[in-house]
Each structure stands twice: as structure tokens, then as C-alpha cells.
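Here's the structure, in C-alpha cells; my notes come after.
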Amino acid sequence: MSYPQSLPVELLAHIFMLATHGDEETSFSPYSVSRPIFNTTSVKVPVTVSCVNRYWRHVALNTPALWTSLCITPEMIVENDYGRNYLDSSFLDLYLVRSQMYPLDVLIDARDPTWSFNATEPECVLFMLYSYNDDLLSFFSTPFQTGPDVYWPLFSPHFMLDIVSSLIPHIHRWRSLEILTDVWATMFVALSQINPFLMSRGAPRLEYLALSRCNEFASFSPSFYPGTMKDKPLFSPDEYTIPVQYCDSLLPSLRHLKLQGVHVHWSMLSLMLMRQNNVSLVSLELDYHSRDVRPSLEEFHQILSSSSQLETLKIRGSGPVVTDLDDDVTLVHHDCRSISLPNLKDLTIGYHDMAECQTILELLDAPSTRKLHLEDETYKAEPEELDAGPILSFLATGEFSDFKQKTPSSVRVAFPGLTSLSLSSVKTGRRSFNAFLSSVKDLRDLSVNSMDLEEILYALLPSNFTTLDNSILCPCPRLEKLTLMNVDPGCTPQCYSAVGYIDGRRREYGSTFLRDFHVQEVSLEYDDEDLDIDCDLDEGAEFIYNEDVDDLGSDRSFMTVAL
């Protein structure tokens with residue numbers, strides 16, 4: 001007997017599980033922000049091993065947990081003898097049976113690699129008016145009347161309807177559900193089919209829910225498009241919805257929620273989260289929502305207030321709708337208390353304008369935050385750049401205003417324990433950068449992406465700008481790692497020289513040694529990966545004296561290059 005044949009059933013089943021799901025204890029745990037990692041290759045492992053020999057087949061067929069990952073993609077679309085496409089879902093039925101009553105992890109990736117942001121999305125309004133009508137399938141079988149510029153997805157709403165209809169009877173077994181689409185019509189069909197069952201029966205095992213309309217440009221429109229499919233979002237109550245006092249039973253296990261370009265009935269979501277007893281969200285991501293489908297300030301406040309155990313919060317091009325701001329950009333909603341999030345460790349904010357960023361920051365009371373990612377998400381074609389100075393001022397001092405020298409007692413640093421900072425496309429002057437970086441004393445890791453390198457590197461120099469007695473302080477004195485991303489290849493040697501000098505000047509004022517310096521060059525030839533260069537800071541370099549340094553109180557002998 002060969003060695004694989006002699007392996008005990010339990011050991012062989014465990015090997016099969018690792019090949020299919022990986023180390024599931026770490027890939028899907030209460031502390032993980034993602035579902036188990038699987039794809040179209042890994043989900044085929046159970047079928048592959050079951051075809052090796054009779055013994056392996058016996059083990060595979062009697063291990064229900066092996067068949068719990070369902071990956072539906074356009075790869076399942078095949079062409080029949082008549083030249084028409086259809087979705088081959090035979091494997092789906094097989095996995096649903098063989099997984100028995102085990103929890104299911106579902107990934108529906110309906111994205112089309114050939115899709116373009118410039119394509120016009122189809123306006124599909126009639127089919128959902130008859131979502132419970134027997135004529136629905138025949139309606140879908142008829143091609144939509146499309147114009148020359150209208151994109152019709154390869155993974156059509158018809159295919160989505162078939163898949164979701166097969167999965168709905170097993171809603172009580174869903175542990176994770178992720179749906180990715182390019183256009184709204186396909187997502188709309190999925191959510192319209194799921195919602196009646198979810199709101200009447202619930203999904204008691206669902207821990208991870210991620211819904212992504214992968215079109216961030218749609219969020220720049222003030223109105224949701226296509227408008228004919230804006231109403232009746234997920235979590236919308238109807239006559240079959242269970243009474244409000246029992247809505248805690250709809251999603252009692254939900255811990256991870258991601259909504260990218262997908263709006264929901266925000267009031268109902270906040271109510272469900274508020275009534276959860278023993279489980280609270282640990283990760284929440286809201287991305288790229290048009291203004292007319294965003295939550296109100298009160299709804300947003302309630303959602304966060306009901307998620308006091310949050311550890312990860314990501315808000316990019318989304319957040320509450322704020323309209324009543326005065327000319328001084330001062331939030332007037334003083335009746336909204338700050339929200340205490342004592343467990344929050346990782347915060348991402350991508351802002352479209354000052355008002356939405358200000359509102360989010362003023363609402364958060366998260367002193368334990370360790371990682372912050374701040375990104376300017378404004379529309380690239382905007383004629384005017386958004387100055388992030390007031391945002392950095394608030395992070396450093398607690399006030400949205402120009403930086404001023406203050407006594408230590410009057411300064412309230414928003415995230416005093418910050419150890420990792422990522423800035424992407426953030427635009428402001430070196431004074432603002434310097435004052436902000438001077439406030440984060442424990443910062444060890446700084447990543448800069450698509451920014452004015454001269455401004456940010458100058459800001460790392462010791463200065464007296466934030467002191468009352470003109471003493472020179474070193475910004476983020478514990479900084480150990482610096483990463484510059486999307487750098488012009490021609491500037492790499494200059495970055496290397498400038499950072500080498502800056503590190504030397506910082507150490508003269510008590511800063512720790514910069515151990516790691518990485519330069520990721522922008523790909524000019526559209527390579528698959530950007531070039532990542534690790535710089536040795538101990539080598540010598542030549543510098544050019546720059547007489548145009550602002551009066552930051554920094555050493556005037558600073559020698560740099562124009563980056």
C-alpha cells in the first residue's frame with residue numbers, strides 16, 4: 001500500500017482542508033477582517049482529490065466541510081451548440097448537497113475584465129417590478145433594448161438571478177457572502193432577491209457581508225445612477241419583515257460589513273445593529289456612495305454608536321450627508337455627541353471634500369487608534385486642489401484652523417497612540433505637514449503615495465515651528481520606516497540622497513535611526529508590478545543647497561534636491 005493510502009482518515013481529511021481553505025483558524029476568525037481566501041482554483045480541490053482513487057474519494061465525500069466554499073465567476077459561462085451563452089452551475093448544486101448542513105462561504109464575482117468606466121450602464125427598471133412574477137425568467141431571456149454605447153455585462157442579471165435563486169434556500173447556512181459587480185443592474189437583481197428572505201427569515205450564521213459595485217467614479221455624481229433602480233435597497237422592510245422588536249434575529253452573528261458603492265436602508269441597519277445582544281461589528285467599510293444615497297448624520301451616528309466594538313473602520317468617498325456648514329467650516333451639529341470607539345485600531349478616511357472629512361473626525365473618539373490612512377479622493381479633474389491643512393490641524397490640535405503655537409495643555413491630539421501613518425494624494429504645505437508630524441510622537445511607519453515629495457520630506461526636518469520657546473524639535477522622533485510610493489524613476493536617486501541627509505539631521509536632534517527606506521517607482525511601461533527599491537542610507541551622497549526653504553525654524557544648512 002502506498003504511503004498516501006496508509007494515512008489515517010482524519011489526517012488525510014485535514015490535508016484536503018488545508019489545500020482547499022488554507023489555515024481556516026487564522027483566515028476566518030473573530031479577529032479577521034476578511035472571509036476565507038479561496039478562488040476558482042482552490043474550490044476545485046475537493047473534486048480533484050475525489051478523482052484520485054477510491055480511498056481518497058471516500059474521504060472527500062465524507063468530509064462535508066471540504067465543500068463549503070462556493071466561487072461563482074464568469075468562468076462558468078459557456079457556449080452551447082447554438083452559440084448562446086449559459087451559466088454552468090452544475091458544480092454549485094453538487095457542493096450544496098455535499099456540504100450538508102455546514103456553514104457556507106459564498107463569493108460571486110460578476111466583474112468583466114473588458115468593462116470600461118466610460119460605458120453607459122443599462123437602465124433596467126421593469127424586471128424588478130415583477131420580481132415575484134412567473135414571467136420574470138422569460139423577460140430576462142429577451143435581450144434588452146440597448147443603444148450603441150450601453151454596456152451589457154457578460155455576467156448578466158439573468159445569470160445572477162439563477163445563482164441567487166439556488167443559494168436562497170440555504171440562507172440559514174451562509175457564513176460569508178461577497179458579491180462584486182461592475183454595473184448596478186446585476187447587483188440590484190441579487191439584492192432584490194435576497195432582501196425578502198433576509199428580512200423575513202434572517203441569516204443567523206452570516207458573519208461577513210461584502211457588497212461591492214466596483215465603480216468609484218459613480219460616487220462623484222450627486223445623484224445615484226441609474227436612478228430607476230435606486231429605491232428598495234437591501235434591508236428595506238416590507239409586509240413580510242419580522243416585527244421591529246425581533247429584528248436582532250435577522251443578522252445576529254454579523255461582525256464584518258463592507259458596502260462599496262452599495263447603499264442600504266440605513267435606518268434599518270442601525271436598528272438591527274443596535275438590537276444585537278452579544279455580537280457587535282468589528283470591521284465596517286463604507287465606500288463610494290453618491291450623496292443622495294448616503295446615510296443622514298443621525299443614521300451614521302447611530303450605526304457607529306451601535307458598533308462600539310469596532311476595530312477597523314474604513315470610510316472612503318462616503319459617510320454622512322452634511323449640508324448645514326457655515327462659511328468657517330464649523331460643524332453646527334453640536335447635539336451629536338462624539339462616538340466612543342475604544343477598540344478602534346485601524347482607521348481609513350478617503351475624503352471628497354472638507355465637510356465630510358471634518359464631520360467624521362469630529363464624531364470619532366478613538367484614542368487607541370494605531371493605524372491611520374488618509375487619502376484625498378477628490379475628482380481628479382477638479383480645477384482646484386483641496387488643501388488638507390485644516391484636517392491635519394485637527395489631527396494635531398483638535399481644531400480645524402490654521403496651525404498656531406499652543407501650550408501643551410491646549411492641544412488635543414486626535415490619535416495620540418498612532419504608530420503607522422499612510423498619506424495618499426494629500427495636498428498642503430510643509431508647515432502643516434511639519435506641525436502634524438510633530439504631534440505624533442510614537443509614529444514608527446510612514447508611507448507616502450502620490451504626493452509632493454519636497455513638501456513632505458522638508459516636513460521631516462527638525463524645526464521650532466510648534467514650540468513657544470523656539471526650541472528645535474524633531475517630528476515623529478521614533479520613525480523607523482519610510483516608504484515613498486509612485487515615485488518618478490528619475491527622482492529615485494534624489495530621494496535617496498535627500499532622505500539620507502534628512503535622517504542624519506534628525507539623529508542630531510535625538511531621532512531614532514531610520515532602519516527601512518523603500519521607494520516604489522511608478523510604472524511608466526505599464527508593467528505588472530511597480531519597481532520596489534530598498535535604499536541603503538549609509539552611503540554618501542552629494543546635495544545641492546536650496547535657498548528657498550520656508551522659515552520653519554529648521555537648520556538653514558539643509559541641502560536638498562528639487563524633487
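Overview of results
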{"quantity": "L363 vs. criteria closer than 20 Å to T397 by Cβ, touching a residue at least 24 places away in the same chain (Cβ under 8 Å) and within 19 Å of the chain's Cα centre (by Cα)", "calculated": "no"}
{"quantity": "Criterion violated by E207 - all others in (1) buried (at least 22 other Cβ atoms within 10 Å of the Cβ); (2) at pLDDT below 90 satisfied", "calculated": "(2)"}
{"quantity": "Top-ranked residue in segment 5-19 [being part of a helix (DSSP H, G or I) and either basic (K, R) or more than 23 Å from S69 (Cβ to Cβ) (or both); ranked as modelled with the highest pLDDT]", "calculated": "S6"}
{"quantity": "Strands (runs of 3 or more DSSP E) (entirely within segment 20-128) containing at least 3 residues that are aliphatic (A, V, I, L, M) and modelled with pLDDT of 90 or more", "calculated": "104-109"}
{"quantity": "Evaluation of T146 against (1) more than 25 Å from N62 (Cα to Cα); (2) among the hydroxyl-bearing types (S, T, Y); (3) in a loop (DSSP other than H, G, I, E, B); (4) modelled with pLDDT of 90 or more (one fails), failing number", "calculated": "(4)"}
{"quantity": "Any pair with Cβ under 9 angstrom, 6 or more apart, that starts in segment 443-465 at a residue that is outside the structural domain of V413 (by TED's automatic domain parsing) and ends at one that is surrounded by fewer than 22 Cβ atoms within 10 Å (Cβ to Cβ)", "calculated": "none"}
{"quantity": "Failed condition for C247, given (1) crowded, with 18+ Cβ neighbours inside 10 Å; (2) modelled with pLDDT of 85 or more; (3) more than 21 Å from the chain's Cα centre (by Cα)", "calculated": "(2)"}
{"quantity": "Cross-chain or 6+ apart pairs with Cβ under 8 Å, segment 66-78 first and touching a residue at least 12 places away in the same chain (Cβ under 8 Å), then surrounded by fewer than 16 Cβ atoms within 10 Å (Cβ to Cβ) and assigned to a strand (DSSP E or B)", "calculated": "I77/N85; I77/Y86"}
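The values are calculated or read from the model by the stated rules, or taken from the named source; none is laboratory data. Small disclaimer: the values here were computed from a predicted structure and weren't measured. Neighbour counts run over all protein chains shown; Cβ positions are idealised from the backbone, glycine included.
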